[in-house]
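First comes the structure, then the notes that go with it.
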Amino acid sequence: MKPRNIIRTAGLSCYFIFIVLSFALGFSPGKAIGYNLFSFSLDMLKVLPCAFILIGLFEVWVKRETVEKHFGEEAGIKGYMWAVLLAGTIVGPLYVALPLAYSLHRKGARLAVIFTYIGASAICRIPMAIFEVSFLGLKFTAIRFLVSIPLVILSSKILGEYLAKGGYQISDGTQVTTE
Amino acid sequence: MYYLQIAAGLALLISFIANREKTLKAVKISLKRFWAILPAFLSMLVLVSIVLFLIPDTLITEYLGSGGKLTGVIIASFLGSITMMPGFIAFPLCGVLLEKGVLYMVLSAFTTTLMMVGILTFPIEKAYFGPKVTILRNVLSFFVALIVAVMTGIFFGEIL
């Protein structure tokens, strides 16, 4: 085992021992943390298997040429548009967007477009926006969209092009690419 | 409500009818990817469970309602960055705060950083992007959120 894995395993073990002891001894802060863990794990279990199934299907069915055409170098400005549309309509939270970002990267999407997709998936999910409008008003949401989307595209472009020069690669999650 | 589950189920079924081998391969890829990222997910869950205990919703409500314009925006963006809350809790909460007289720009700073800046998701993002890029991306997002908050303030006549 690598040193960092040992540290992680040790940390996780301590955490779980703490939770179990808290329940056994009735330590209420520990129990509250345990309940938090349980409810968040449940939320993620509802989403993650489905998301990863869709990613697996994406990997086998979507051709590299299709991704390159819409999200790659040749796509130009349209690439950003597709990224925002994909983010707005399809997937939810960051932890679902990230594995898809890796798949897009593998199939030839440009880094700037991928960062746009990640940024946009945080701010312009349509179902969430509808909810937002009903509580804070259309003007609030409209300002947020109109200001943040261009800024997300701009910052993604700068970050993506800067990293592309250095030959940066997105990792599959098992190892860390840049230390 | 369950549209992701329905979509995944349907897609899997259609794929299976179209081509069994490819579908099997897809499921294998899904499992492999999921397994690879699982330790990072566990780290995130542990982090989330602890931070949400330390910073409950009541505390957030209390802090967002206090302070002036500048301090309000700074506190809001700080809270939005370190915590995690689904939209269906965050927006009603903001609706209540709005009625209490909290400024739009403060709510904007809170909701935008909540969505864009993820300190709690760091373990997962790091696994894909590496620590350097993760930090860089989140810092950039933080500034984008601040600009959004300031623009919100300007358009609602809260500053100038």
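Here are a few things to note about the model shown:
- ³J(HN,Hα) computed for each position of the stretch B:94-103 - Karplus, 6.51 cos²θ - 1.76 cosθ + 1.60, integer Hz, glycine/proline x: 5, x, 5, 5, 4, 5, 7, x, 5, 5
- If you sort A:Val67, A:Val133 by accessible surface, 1.4 Å probe, largest first, the order is A:Val133, A:Val67.
- Normalising the Debye intensity of the protein assembly as shown to I(0), with uniform scatterers on Cα atoms only, and taking log10 at q = 0.15 Å⁻¹ returns -1.35.
- Ranked by the mean number of other Cβ atoms within 10 Å per residue, highest first, peptides A:100-111, A:143-154 order as A:100-111, A:143-154.
- Spin-label proximity, B:Leu59 to the stretch A:1-28 - amide N less than 18 Å from point 7 Å beyond Cα toward beta carbon: A:28
- For chain B, the solvent-accessible area with a 1.4 angstrom probe is 49 square angstrom per residue.
- Considering only A:Phe23, A:Phe52, A:Phe131, the Gaussian network model of chain A with Cα springs below 10 Å gives its largest mean-square fluctuation to A:Phe23.
- For the residues A:Phe58, B:Phe129, a 1.4 Å probe over the protein chains yields an accessible-area ranking, largest first, of A:Phe58, B:Phe129.
- Calculated [θ] (222 nm, deg cm²/dmol) that DSSP helices of n ≥ 4 give over chain A, each run adding -39,500 (n - 2.57): -27000 deg cm²/dmol
- Cα gyration tensor shape for the stretch A:42-89, rounded if a/c is under 1.5, else prolate or oblate: oblate
- Accessible carbon and sulfur surface of the protein assembly as shown relative to its total accessible area, %, 1.4 Å: 73 percent
- Order by protection proxy (mean Cβ within 10 Å, highest first), peptides A:112-119, B:42-49, B:95-102: A:112-119, B:42-49, B:95-102
- Burial here means at least 10 square angstrom less accessible surface with every protein chain in place than with the chain by itself, probed at 1.4 Å; in the stretch A:141-156 the buried residues are A:Ile143, A:Arg144, A:Val147, A:Ser148, A:Leu151, A:Val152, A:Ser155.
- Separation between Cα centres of the stretch A:104-143 and the stretch B:109-158, rounded to whole Å: 13 Å
- The label-point distance for A:Glu161 and B:Phe156, in a model that sets each label 7 Å from Cα toward Cβ, rounds to 3.5 nm.
- Using the Cβ-Cβ distance between B:Asn19 and B:Val139 with R0 set to 45 Å, the FRET efficiency from 1/(1 + (r/R0)^6) comes to roughly 0.50.
- Accessible surface for B:Thr113 stands near 0 Å², nearest 10, in the context of the full protein assembly shown (1.4 Å probe).
- Cα pair distances of chain B binned at 5 Å [whole percent]: 2, 8, 13, 15, 15, 13, 11, 9, 6, 4, 3, 1, 0
The values are calculated or read from the model by the stated rules, or taken from the named source; none is laboratory data. Bear in mind the structure is a predicted one, so any value in this text is a computation, not a measurement. Note that we place each Cβ from the backbone using ideal geometry, even for glycine, and neighbour counts take in every protein chain shown. Side chains are part of the model used for accessible areas, which takes the heavy atoms of the whole protein and leaves out ligands, DNA and RNA. Shrake-Rupley method; radii C 1.70, N 1.55, O 1.52, S 1.80 Å.
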